[in-house]
Amino acid sequence: MPRSLKVRQECIEKVKLAVRRNGFPSQRALAEDVGFALATVSNFLTGKPVDKFL
């Protein structure tokens, strides 16, 4: 069973729009609100795998 999550390439823009629509003007704002490192949020929003047990 995979230990990571990633956004499918064709869904990245939809996810980024949803982030902005939900009041996060930047990746940094989202990262601070959810308590993740900026690098983790950035990796996720560019389709790179991130550990799903964060």
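Quick note: the coordinates plus some simple rules give every number you see, no bench work behind them. Please read these numbers as outputs of a predicted model, since none were measured by experiment. Counting neighbours? That spans all protein chains shown, and the Cβs are built from the backbone with ideal geometry, glycine included.
Of all residues assigned to segment 11-26, at least one qualifies as being in a helix (DSSP H, G or I), of a type in the set (Asp, Glu) and exposed (fewer than 12 other Cβ atoms within 10 Å of the Cβ).
Condition check: in a helix (DSSP H, G or I) and either within 20 Å of Phe53 (Cβ to Cβ) or among the hydroxyl-bearing types (Ser, Thr, Tyr) (or both). Does Ala39 satisfy that? Judged against the criteria, Ala39 is a match.
Which of the residues that make up segment 2-52 are among the β-branched types (Val, Ile, Thr) and touching a residue at least 40 places away in the same chain (Cβ under 8 Å)? Step through it out loud before you land on a result.
Applying the first criterion (among the β-branched types (Val, Ile, Thr)) to segment 2-52 yields 7, 12, 15, 19, 34, 40-41, 46, 50.
Matches in segment 2-52: Val7, Val50.
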